[in-house]
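*Asks:* To start, I am sharing the structure in question, which I have written as structure tokens.
The values are calculated or read from the model by the stated rules, or taken from the named source; none is laboratory data. The structure presented is a predicted model; accordingly, all values stated were derived computationally and were not measured. In this analysis, Cβ positions are derived from the backbone assuming ideal geometry, glycine residues included, and neighbour counts consider all displayed protein chains. When the accessible area is computed, the model is the full protein with side chains, heavy atoms only, and any ligands, DNA or RNA have been set aside. Shrake-Rupley method; radii C 1.70, N 1.55, O 1.52, S 1.80 Å.
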Amino acid sequence: MIYRKRRPPIGSVPGTLAKIEGGLAPRIRAFRYSAESFEEKEFTKTEELKGFLPEGKQILWVDVQGLGDGRVLLELDGIFGFHPLALADVVNIPQQPKAEVYDEHLFLITRMARFDENDCYVNEQVSIFLKENLVVTFQETYGDPLDNVRARIRTAGTPMRKSGADFLAYATLDALLDGHYPVLESFGESLEDLEERMIERPRSSDIHEMHEIKREFLWLRRNLWPQREAVSSLVRDENRFIKKATRVYLRDCYDHCVQLIDILENYRELTSDLMELYHTSLSNRLNEVMKVLTIISTIFIPLSFITGIYGMNFKHMPEIEHPWAYPAIWGVILTAAGGMLYYFRRKGWLGNGDKPDDDKAP
């Protein structure tokens, strides 16, 4: 199925969480840091987070991976105070990328495109809550391209350690956007391989692979265009959760969105060209087969004419009783066939199709 949305029952109260089936158990990891200090912990119970809240100028990042337990999300809501509509968007997936400002926090939805440890393509939603000194991220599965962000937090003296929660939200968004580049590069390599195979020898499996890539491009396009608008609103509209200095960095995220969309559109055009190349290659192969069959039929036309004449049952045919009639007929047949083969080859119609002799009349 191309599109399936997890949603609550029709007519539910706004903010109702969808029933989560088959989701992964949440893993909660928290980073509490400042320019002078750093702590990292994993929590099995959400109540333990109450003793890990930031103090003074400290920043807290709560990273939640897995949405299989709605009770955990409600407990986190009780600790940090999320807007009901925003919390519902975390669970009622997929949502379009967007940026919404509430009284309590800034809420971002973005998409994460990556390859997992088994080299399987993953495209999932990531939700980001931003408060004055707090960032909370939710994602559907385990694993992400944010290890570099975590490494910058662990390293003392980095700009990340000296900046606020808005800079952490920017760095997270930037890493998730950059994760699209290797995915697009992999798709580009697949398209190049398809192009080479289609030129040499197109196969029916190629068209299925191309349709799969085209479907993924459709998903990426549906994600990147709204993402560009969301980042543009963060750059353009002032709010109390993002400082002016951080909006300068968000311009770079906007540039990445534009660049990713440009790469994606080029690949989409290439996919359409490959569809035409596939059908053209099949048509050329069919033409080559028909050309060979036509040449064979043309060679046998005069031969059939000769054998047809001498196959008639007339008693007084002049050549029938001649002692050299049989070898003479064979000589005429072989000479006619050889002459036509020689002529077709000189014209480039047989065995030399790439170098036709256009100077000679047909």
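*Asks:* Determine whether the range 254-269 contains at least one residue that is within 30 Å of E196 (Cβ to Cβ), part of a helix (DSSP H, G or I) and of a type in the set (S, T, N, Q).
*Replies:* Yes, the range 254-269 has at least one match.
*Asks:* From the residues in the range 289-312 that are under 11 Å from L350 (Cβ atoms) and not basic (K, R), which one is farthest from the chain's Cα centre (by Cα)? Write out each step before concluding.
*Replies:* Residues of the range 289-312 under 11 Å from L350 (Cβ atoms): 291-292, 294-296, 298-299.
Keeping just the survivors that are not basic (K, R) gives 292, 294-296, 298-299.
Working: V292: 41, T294: 44, I295: 46, I296: 47, T298: 50, I299: 52 Å.
In this case the residue turns out to be I299.
*Asks:* While we're looking at this one, here's another question. Is it fair to say G353 is open to solvent by less than 80 Å² (accessible area, probe 1.4 Å) and at pLDDT 80 or above? It would help to see each step written out before you state the result.
*Replies:* Numbers: open to solvent by less than 80 Å² (accessible area, probe 1.4 Å): yes; at pLDDT 80 or above: no.
When the stated conditions are applied, G353 does not pass them.
*Asks:* Moving to a separate point now. Can you work out which of the residues in the range 316-343 that are assigned to a helix (DSSP H, G or I) and open to solvent by 80 Å² or more (accessible area, probe 1.4 Å) is farthest from I295 (Cα to Cα)? Explain how you work it out, then say what you get.
*Replies:* As a first pass, look at the range 316-343 and keep what is assigned to a helix (DSSP H, G or I): 325-343.
Checking the rest, the ones that are also open to solvent by 80 Å² or more (accessible area, probe 1.4 Å) come to 326, 330, 334-335, 342-343.
Working: Y326: 26, W330: 20, L334: 16, T335: 16, Y342: 12, Y343: 11 Å.
That would be Y326.
*Asks:* Now for a different question. Can you tell me which residue among R285, R228 is of a type in the set (D, E, K, R), under 21 Å from Q96 (Cα atoms) and assigned to a helix (DSSP H, G or I)? Walk me through how you get there before you give the answer.
*Replies:* Details: R285 fails: under 21 Å from Q96 (Cα atoms).
Only one candidate qualifies: R228.
*Asks:* Give me the pairs, please: first residue somewhere in the range 189-205 and in a helix (DSSP H, G or I) and at pLDDT below 75, second residue anywhere and among the hydroxyl-bearing types (S, T, Y) and loosely packed, with under 12 Cβ neighbours inside 10 Å, beta-carbon distance under 9 Å, and either six or more positions apart or on two chains.
*Replies:* Close Cβ pairs (under 9 Å, with a partner that is among the hydroxyl-bearing types (S, T, Y) and loosely packed, with under 12 Cβ neighbours inside 10 Å) do not exist here.
*Asks:* Of all residues in the range 205-247, which are open to solvent by 30 Å² or more (accessible area, probe 1.4 Å) and aromatic (F, W, Y)?
*Replies:* Across the range 205-247, the qualifying residues are W219, W225.
*Asks:* What's the number of the only condition in (1) under 15 Å from F241 (Cα atoms); (2) touching a Lys or Arg at 6+ places or on another chain (Cβ under 7 Å) that I93 fails to meet?
*Replies:* Unmet for I93, out of (1) under 15 Å from F241 (Cα atoms); (2) touching a Lys or Arg at 6+ places or on another chain (Cβ under 7 Å): (1).
*Asks:* When the residues of the range 98-112 are narrowed to those that are in a loop (DSSP other than H, G, I, E, B) and open to solvent by 10 Å² or more (accessible area, probe 1.4 Å), which ends up nearest to D237 (Cα to Cα)?
*Replies:* Start the filter on the range 98-112 by keeping residues that are in a loop (DSSP other than H, G, I, E, B), which leaves 102-105.
From what is left, the residues that are open to solvent by 10 Å² or more (accessible area, probe 1.4 Å) are 102-104.
Values: Y102: 14, D103: 15, E104: 17 Å.
It comes out as Y102.
*Asks:* Collect the residues in the range 273-297 that are open to solvent by 50 Å² or more (accessible area, probe 1.4 Å) and either touching a residue at least 40 places away in the same chain (Cβ under 8 Å) or of a type in the set (D, E, K, R) (or both), keeping them in residue-number order. Reasoning before the result, please.
*Replies:* Step one: of the range 273-297, the residues open to solvent by 50 Å² or more (accessible area, probe 1.4 Å) are 273, 276, 279-280, 282-294, 296-297.
Of everything in the range 273-297, those that are open to solvent by 50 Å² or more (accessible area, probe 1.4 Å) and either touching a residue at least 40 places away in the same chain (Cβ under 8 Å) or of a type in the set (D, E, K, R) (or both) turn out to be D273, E276, L282, R285, E288, K291, V292.
*Asks:* Related question: Might you let me know whether the range 147-158 holds any residue that is of a type in the set (K, R) and out of contact with any helix residue (DSSP H, G or I) (no Cβ under 8 Å at 6 or more places or on another chain)? Walk me through it before giving the result.
*Replies:* From the range 147-158, those of a type in the set (K, R) are 150, 152, 154; that's our starting set.
Among the residues that remain, those that are also out of contact with any helix residue (DSSP H, G or I) (no Cβ under 8 Å at 6 or more places or on another chain) are: 150, 154.
Yes: the range 147-158 contains one or more residues that are of a type in the set (K, R) and out of contact with any helix residue (DSSP H, G or I) (no Cβ under 8 Å at 6 or more places or on another chain).
*Asks:* Being open to solvent by less than 50 Å² (accessible area, probe 1.4 Å) and under 15 Å from the mean Cα position of the chain (by Cα), is that true of even one residue in the range 150-169?
*Replies:* Checked against the condition, which is being open to solvent by less than 50 Å² (accessible area, probe 1.4 Å) and under 15 Å from the mean Cα position of the chain (by Cα), the range 150-169 yields no hits at all.
*Asks:* Another one. Go through the range 64-85 residue by residue and tally those that are more than 28 Å from the chain's Cα centre (by Cα) and open to solvent by less than 10 Å² (accessible area, probe 1.4 Å). Give the derivation first.
*Replies:* Taking the range 64-85 and keeping what is more than 28 Å from the chain's Cα centre (by Cα), we get 69-85.
Imposing the further condition that a residue be open to solvent by less than 10 Å² (accessible area, probe 1.4 Å) reduces the set to 73, 76.
Total satisfying the criteria: 2.
*Asks:* Specify the residue that is farthest from H83 (Cα to Cα); the eligible residues are those in the range 113-127 that are among the aliphatic types (A, V, I, L, M) and surrounded by fewer than 23 Cβ atoms within 10 Å (Cβ to Cβ). Lay out the reasoning, then the answer.
*Replies:* Residues of the range 113-127 that are among the aliphatic types (A, V, I, L, M), as a first pass: 113, 122, 126.
Now narrow it down to the ones that are surrounded by fewer than 23 Cβ atoms within 10 Å (Cβ to Cβ): 122, 126.
On the way: V122: 28, V126: 17 Å.
Residue satisfying both the conditions and the ranking: V122.
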